[in-house]
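This report concerns only the one structure given below.
Computed from the coordinates by the stated procedures, all read-outs in this text should not be read as laboratory data. Being a predicted model, the structure only gives us computed values, none of them experimental. Cβ coordinates were reconstructed from backbone atoms using ideal geometry, including for glycine residues, and neighbour counts include every protein chain displayed.
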Amino acid sequence: MDAKSESDVSEAIENLVKNRLVIVIAHRFSTIQNATKIIVLNNKKVEAIGAPHILAKKPGIYSELLKYQIKGNKKLLKKFELY
């Protein structure tokens, strides 16, 4: 799915899930950017549970993968002279 379509779908889902419990299984941070609680699974085990902003600051696979994504995004923006 292209970025524009993904944004449109995300916006539609946001409207559908208001005031509801929703379980999302995702590999991309953009998919879970509005989550209030994250459960990180690693090798079939729960590695961490918490709010995204808390998990981003704690050592672990969540913060590690987030840093890789941010690094990749910065590299892409720099390549196109947007950062």
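In a GNM of the chain with a 10 Å cut-off on Cα contacts, which of Ile39, Ile70, Ile61 has the highest mean-square fluctuation?
Ile70
How would you rank Ile23, Ile38, Ile49, going from fewest to most other Cβ atoms within 10 Å of each one's own Cβ?
Placing the least packed residue first, the sequence is Ile23, Ile49, Ile38.
For Tyr62, Tyr83, what's the fewest-to-most ordering of other Cβ within 10 Å of each Cβ?
Tyr83, Tyr62
If you filter the chain for trypsin sites (Lys or Arg not before Pro), then keep DSSP loop positions with at most 16 other Cβ within 10 Å, what is left?
Lys18, Arg20, Arg28, Lys37, Lys44, Lys57
Can you pick out the pairs among Lys4/Lys75; Lys4/Lys79; Lys44/Lys78 whose Cα atoms lie more than 28 Å from each other?
Lys44/Lys78
Fewest to most neighbouring Cβ within 10 Å: what's the order for Ser5, Ser30?
Placing the least packed residue first, the sequence is Ser5, Ser30.
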